[in-house]
1. How far is helix 95-107 tilted off the main Cα axis of the chain, in degrees rounded to 10, range 0 to 90?
2. Pairing the Cα long axis of helix 369-379 with the longest principal axis of the chain, what angle in degrees results, from 0 to 90 and rounded to the nearest 10?
3. What ranking of HIS343, HIS256, HIS174 emerges when the number of other C-beta atoms within 10 Å of each C-beta is taken as an exposure proxy, fewest first?
4. Using the count of nearby Cβ atoms within 10 Å as a rough guide to exposure, how do THR391, THR303, THR21 rank from fewest to most?
5. Could you work out which residue, out of VAL186, VAL314, VAL260, moves most in a Gaussian network model of the chain, that is, has the largest mean-square fluctuation with Cα springs under 10 Å?
6. Enumerate the calculated ³J(HN,Hα) couplings along the range 259-272 in order (Karplus 6.51 cos²θ - 1.76 cosθ + 1.60, θ = phi - 60°), each rounded to whole Hz, writing x wherever the residue is Gly or Pro.
7. Taking every pair of distinct Cα atoms and averaging 1/r, then inverting, what Kirkwood hydrodynamic radius in Å comes out for the chain?
8. Please compute the net charge surrounding GLU273, taking Lys and Arg as +1 and Asp and Glu as -1 over other residues with Cβ under 12 Å from its Cβ.
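Please treat every number below as a calculation from the coordinates, not as lab data. No experiment lies behind these values; they were computed from the predicted model shown. For neighbour counting, all protein chains shown are included, and Cβ atoms are generated from backbone atoms with ideal geometry for every residue, glycine included.
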Amino acid sequence: MNFQRRVWPNGPIALVLANPTTDVVAGRLFVVGGSRCDGERPGIGQLLAAVLTRGTTTANAREIADAVESLGAGLGTEVQPDYFLVRFKGVSADWPALLRLAGDLVQWPTFPATEVELERRLLLEAVQQRQTQPFAAAWDALRPHLYGAHPYGQPELGTAEAIAALSRAEVQDHYRRWFQPDRLIVALAGRLEPEAVWAQIDQQFGDWRGTAPPFPLPARRFRPADAWVDHGHPQNWVLWGWPAPAIAQADAIPFHLLSVGLGDGPSSRLFVELREKRGLAYDVAATFPWRAAGSHLLAYASTAPADTETTSTVLAQEIERWQTEPLPEWEWQMLQSKVLGQHALRCQTNGQWAQALGWREAMGLPLPWDRQFAQAIQEATPQDVQRVAQTYLRQGSRAIAGSR
């Protein structure tokens, strides 16, 4: 796929993928920052993202919803650790109207007091509900040990204490601080003429002025831990976590191979060993989130209380195998093929392409990263994977939620 990129003098970056094969245009507006900018008010980014669609200087919440519905389109917002996101999708003839609407959400939100209060209460309920889930309880106990004071160490939805105290004025201040033109990335894919897109973006954002401050990223400090969370659930959740590289680091490629081989799907080692061979666990997996400023490997399993220590021991032994035993050739070839197949499926639709293009820019990755990723997977060796296992998985932290 061929795409074009343009940077505006006041900061916005735009990427366009022209795909004439379908009459659907998908757009993504990234504002780099996300929940890592929450600071001492964990949850304020979640609240801001929820309220963005509740009113602008040009339309109230009902008018925004009616406009989207009349176009038969889709529009939504979210926040991730590294960025805020406004996404839309509609037929080709409507992309200018949808881009204007999405641009107004980013540039001219009004944060009506009643809507802020409603979304604040809903977010608080979600946080309180999350605390009843054993996996979430174990992860909340483990996360601070993986990140220390780093913003990634905060709960994904925020804390009940911080959310209960949030005000509309604080949300407005947070928006004004971080939503600036030099943090904006616009990515569109579909039946498009790039010059028409440039003109629309210039009209929407060309006069926007402002500069966002540097990101607050205190040093990350890993602290080994063994935490227990009492939780009245019939299954115990065992979580192990280790520090991991940022996505732009060279080690991220072999580390991704490691995470997939360890706990991604029925062919993974954890699934085979804990579920198929031993029958110790039902839910079992490992994840390596791709993040801009360092990440983690999380391996977890749900098991019966009587099998908790055995499950935890086997999980730790599987980690040790990656450090001491290079993968056999048959397993290595299967793993490479699996990762390359997953990568090829990530960009099949215009929505996936818009997401991928904007995400790469937000993460600080080069434009041809998809090709570089595939090439790096093909060139990696079992020794590379063993090396990153030895480097990053020397010592982990554990958290268990359930009943003794």
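1. 80 degrees
2. So the inclination is approximately 20 degrees.
3. Working: HIS343 14, HIS256 25, HIS174 20.
Fewest-to-most ranking of HIS343, HIS256, HIS174: HIS343, HIS174, HIS256.
4. Working: THR391 14, THR303 28, THR21 8.
The order, fewest Cβ neighbours first, is THR21, THR391, THR303.
5. In this elastic network of the chain, the residue with the biggest mean-square fluctuation among VAL186, VAL314, VAL260 is VAL314.
6. Listing the rounded values in order: 5, 5, x, 6, x, 10, x, x, 8, 6, 5, 5, 4, 5 Hz.
7. On the way: mean 1/r = 0.0440 Å⁻¹.
Taking every pair of different Cα atoms in the chain, averaging 1/r and inverting gives 22.7 Å.
8. Values: positive: ARG269, ARG275, LYS277, ARG278, ARG321; negative: GLU276, GLU318.
Here the count lands on +3.
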